[in-house]
Structures are given as structure tokens and as C-alpha cells.
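The values are calculated or read from the model by the stated rules, or taken from the named source; none is laboratory data. It should be emphasised that the depicted structure is a prediction, and the values quoted were computed from it without experimental measurement. All Cβ positions, even for glycine, are placed from backbone atoms using ideal geometry, and neighbour counts span all protein chains on display.
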Amino acid sequence: MSGFVDKPEPLQVPGLVHLHTGKVRDLYQNEAGDLVMVASDRLSAYDWVLPTEIPDKGRVLTQLSLWWFDQLADLVPNHVLDTELPAGAPADWAGRTLVCKSLTMLPVECVARGYLTGSGLAEYRQTRTVCGLALPEGLVDGSELPAPIFTPATKAAVGEHDENVSYEEVVRQVGADTAAQLRQATLAVYARARDIARDRGIILADTKFEFGLDGGTLVLADEVLTSDSSRFWPADQWKPGRAQPSYDKQFVRDWLTSAESGWDRTAEQPPPELPEQVVAATRAKYVEAYERLTGTAWS
């Protein structure tokens, strides 16, 4: 059992039709047929959308995505049309709302890895491969890979795990030409972002992208290179062979699995509310990543 602890009712906004409530974002459509994407302050962990929100999280994710879209504009087009609030939208949507081009979304999570950790590490320990790609012996948690790799996954519904798949499976799902475009674009965007982050003292260990098609053109969609979709590590604390400090929701994961929370991941019970100190520490990490990457103070 997993999913939303308490799924919110979507807001009804004149001129907008509610399409979907995801883990973090609510999706609407305007009268022109464009998508209106609203990033909430919801947080997910261990396949649950938690009952406690992280203040400003949706705004941070949205503004960081916009900054990255600008850095990547010469590599791949993106789906953003406008950042103005739709008429009649509530004031608290400001800074967290994007009007986006409606695309034919591709059913693949496009993951790039430059370092070994997470599900990639788990597979490597068993088979010395990640998504069927052979890797050298002797790698440990946090090891830098000889070269970045494309390790796609299937998109999962809320409450389900994404599942790593081979490149051949992507070819089967979307065709050889589109699969090749996805791999090339994913690795090109990762390389650009890795170098930008490195200049700011941050390691981009891995990240995932979503792409859609606008006619025959591949377009970068959803969020991009945020602390929700990427593993960012402080470069001066990187030490292979252990779990790395990160700019994400690790405070939340650690608390949920501690004795203090009283929560049993294996039981079919939803997780509890987060304590104030965990909320504050998690918000601070999201803000710190934004400020270090963009060079701009959060306000």
C-alpha cells in the first residue's frame, strides 16, 4: 500500500480544466489547449506523498527549472510558453505555475548517471551492470563512472516504483530513431549541467528527464535538474564508499526510517506528520541548492 496519505481536492479555476494530480504537480488545461502546471509544496518519500508540506518547495523547483531551461536552450527546446498567472488563478500559484506546450509525452524516464548510487548501485552489486550496461569491477557507492551512461526507466503511477529497463526496451517502445534521440539529448543535457554544477562546487550524480514530441521535434518537459529529479552532492564532501551528503529530502528519509518516527515501512500504514525541525532542514537544503546553482539569493 502506498500513494497519497491525504490526496488534496483540486482547485476549480475558471477557464481551466483539471487534468491530473501528481505527487508534486497539479496539471490543468486552458481554453487554448495549453497545459498549466502548478508545483505544490508536497513531498514524496518511499512511494508515499507525505501529509506534511515543505514551505516554498514548489516555487523553488519551478524557479530552478526555469533557470536550467535557460542554460540548456541551445541544446534542446523546452515546453515553457509563459510564466504569467492565468486569469482567475489564486495568488499563491505565483512563482510555481508554468503555462506549457501540450506535447505527445514519451513513456520513458530518461536517466543519466555520472556516478554510481541508488538503484544503479543495487544492480551493479548483483550483476556488474546498470540497465544492461557493463561497468568495471571495483566500483563502490559514490564512484564516478568512466563516462556518463543512459539508464532509462519506465514511468510508474503514484505509489509505484519506476523500473529500470534496457536501451533495447526503449527502442521497442518508441522506435530506434526516437530512442537514439532520447539517449543523445539526455547525455548532452547531463554533460552541460554537470559542468555548470561542478563550477559551483556541486556534483550532479544523476538526474532524470522527461521528453515529449511536438510534431517530430523532441522537447524537454516537466521539471529539469531540481533536487526532486536529481542527486546533487557537495563536491567538497564527496567520498566514495559511503552514502553522500545531498541537497534533497534525505533529512525526511532518515527521520522516517528512524526509531523516533515510529513508522514501519513494511506495514501498510501511511507515514506520520514530519516534525518542524525536519521540515526546516529540508527546506533549507532545497533553497541552498537553488542559491548555489543560480548564484541568486532566494526570496
- prompt: When you go through (1) farther than 22 Å from Tyr115 by Cα; (2) in contact with a Cys (Cβ under 6 Å, 6 or more places away or on another chain) one by one for Gly212, which number turns out not to apply?
  reply: (2)
statement: Restricting the stretch 244-273 to residues that are of a type in the set (Phe, Trp, Tyr) and in contact with a Pro (Cβ under 8 Å, 6 or more places away or on another chain), the one farthest from Asp6 (Cα to Cα) turns out to be Tyr247
Only one of Tyr190, Tyr167 that is of a type in the set (Phe, Trp, Tyr) and over 28 Å from Trp67 (Cβ atoms): Tyr167
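Looking only at strands (runs of 3 or more DSSP E) that lie completely in the stretch 108-214, which have at least 3 residues being surrounded by fewer than 19 Cβ atoms within 10 Å (Cβ to Cβ)?
It comes to 144-150, 202-214.
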- line: Taking first residues from the stretch 223-239 that are under 14 Å from Glu109 (Cα atoms) and free of Cβ contacts under 8 Å to residues at least 40 places away in the same chain and second residues anywhere that are among the basic types (Lys, Arg) and part of a strand (DSSP E or B), the pairs with Cβ under 9 Å that are 6 or more apart or on different chains are Ser229/Lys208; Ser230/Lys208
- line: Flagged in the stretch 26-48 as modelled with pLDDT under 95 and part of a strand (DSSP E or B), in numbering order, are Ser44, Ala45, Trp48
task: Identify all residues within the stretch 215-236 that are polar (S, T, N, Q), over 18 Å from Gly58 (Cα atoms) and surrounded by 16 or more Cβ atoms within 10 Å (Cβ to Cβ); write none if there are none.
output: none
field: Subset of the stretch 193-246 (residues that are farther than 13 Å from Gly142 by Cβ and charged (D, E, K, R))
entry: Arg194, Asp195, Arg198, Asp199, Arg200, Lys208, Glu210, Asp214, Asp222, Glu223, Asp228, Asp236
Residue list for the stretch 75-89, filter: free of Cβ contacts under 8 Å to residues at least 24 places away in the same chain and assigned to a loop (DSSP other than H, G, I, E, B): Thr83, Glu84, Leu85
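Yes/no per residue for (1) small (Gly, Ala, Ser); (2) under 19 Å from Asp248 (Cα atoms); (3) touching a residue at least 12 places away in the same chain (Cβ under 8 Å):
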{"site": "Glu9", "(1), (2), (3)": "no, no, no"}
{"site": "Thr21", "(1), (2), (3)": "no, no, yes"}
{"site": "Asp47", "(1), (2), (3)": "no, yes, yes"}
{"site": "Glu53", "(1), (2), (3)": "no, yes, yes"}
{"site": "Gly58", "(1), (2), (3)": "yes, yes, yes"}
{"site": "Trp68", "(1), (2), (3)": "no, yes, yes"}
{"site": "Ala73", "(1), (2), (3)": "yes, no, no"}
